[in-house]
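Everything on this sheet refers to the single structure shown next.
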Amino acid sequence: MERMDELLVVDSATRLDAHARGKVAVCGSHGGLYAAWLVARAGIRAVILNDAGIGRHSAGVAGVAWLGGLGIAACAIDYRSARIADGADMLASGRVSVVNDVAAIGGCLPGQTCRQAANCLLEKAHEFAGDVPEIGETRIRIANTGHREAWALDSVALARLEDRRAIVVTGSHGALLGGQPNDGVLAIDAFAAFFNDAGGGKDGAGYSRLADLDRRAIAAATVSHNSARIGDGRSTYDTGVISRVNETGKRLELREGLSAREAVARLLGLG
């Protein structure tokens with residue numbers, strides 16, 4: 001029997017609030033360290049995240065393992081089975097790809113449906129009562145002599161009002177929350193924004209923000225999940241290779257196959 005009052009379905013770990021404490025969450029965020037830290041800090045009892053294609057250095061599920069070290073049960077959903085950033089779709093059609101040891105002890109297994117895993121977690125997962133280590137919110141200035149600021153952000157949620165007309169190179173996935181435009185992510189009008197493509201995944205969700213940013217005349221691109229660690233803005237900048245570009249970005253001579261470093265350099269050279 002499902003205990004739906006204890007199950008929280010949310011599109012992003014950045015949207016967790018005080019009401020999340022003690023709940024089991026199906027969360028559309030990637031399973032990287034930054035998202036996992038937000039989950040632990042919110043007091044979630046157990047969580048199911050999206051594996052984001054797993055990607056470079058297995059960053060898409062690194063947070064699942066990290067939560068296990070704290071004693072928090074966590075699973076990841078195969079990015080091909082459910083849209084990243086869409087908690088409802090994960091619950092409806094997701095298939096489990098990765099479980100940590102705590103979740104496995106509770107009966108969660110790769111191959112289960114998301115709903116089956118959620119029921120196991122509702123039945124067996126215990127609330128975490130320990131201290132959450134500080135991993136921090138990384139925001140690093142990209143040194144340059146160009147005409148605008150450039151920042152490497154582990155999450156697009158770290159963008160600030162003063163980043164208007166700046167270049168933000170983020171570790172976030174490139175999906176719209178719940179597949180909906182005007183979702184409030186990147187509320188400021190940056191000059192350009194870079195994201196991780198999370199493997200593209202079901203319905204190409206990992207790229208879906210790019211077209212939406214065209215509407216606001218913001219140049220945007222994703223880097224391949226195999227080229228950079230999701231959830232790590234510095235990795236996006238250091239090793240990312242562009243996989244998709246929106247129309248605004250194409251007009252500024254960005255293209256697939258460029259390194260993120262070269263793309264940022266081109267944008268910095270514009271007046």
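Is it true that residue 170 is within 19 Å of residue 63 (Cβ to Cβ), among the polar types (S, T, N, Q) and surrounded by 22 or more Cβ atoms within 10 Å (Cβ to Cβ)?
yes
Can you say whether residue 157 is outside the structural domain of residue 89 (by TED's automatic domain parsing) and in a loop (DSSP other than H, G, I, E, B), as far as the supplied structure shows?
In short, no.
Out of everything in segment 38-55 that is touching a helix residue (DSSP H, G or I) at 6+ places or on another chain (Cβ under 7 Å) and in a helix (DSSP H, G or I), what residue ends up being surrounded by the fewest Cβ atoms within 10 Å (Cβ to Cβ)?
Ranking the candidates gives 40 first.
Would you call residue 109 within 17 Å of residue 13 (Cβ to Cβ) and either at pLDDT 95 or above or not in a loop (DSSP other than H, G, I, E, B) (or both)?
no
Can you tell me which of 217, 190, 175, 205 is under 15 Å from the mean Cα position of the chain (by Cα), among the aliphatic types (A, V, I, L, M) and assigned to a loop (DSSP other than H, G, I, E, B)?
Checking each option against the conditions leaves just 175.
Looking at segment 204-228, which of its residues are surrounded by fewer than 24 Cβ atoms within 10 Å (Cβ to Cβ) and among the hydrophobic types (A, V, I, L, M, F, W, C)?
The answer is 211, 217, 218.
The values are calculated or read from the model by the stated rules, or taken from the named source; none is laboratory data. Everything numeric in this text was worked out from a predicted model, so none of it was measured. All Cβ positions, glycine included, derive from the backbone under ideal geometry; neighbour counts span all protein chains shown.
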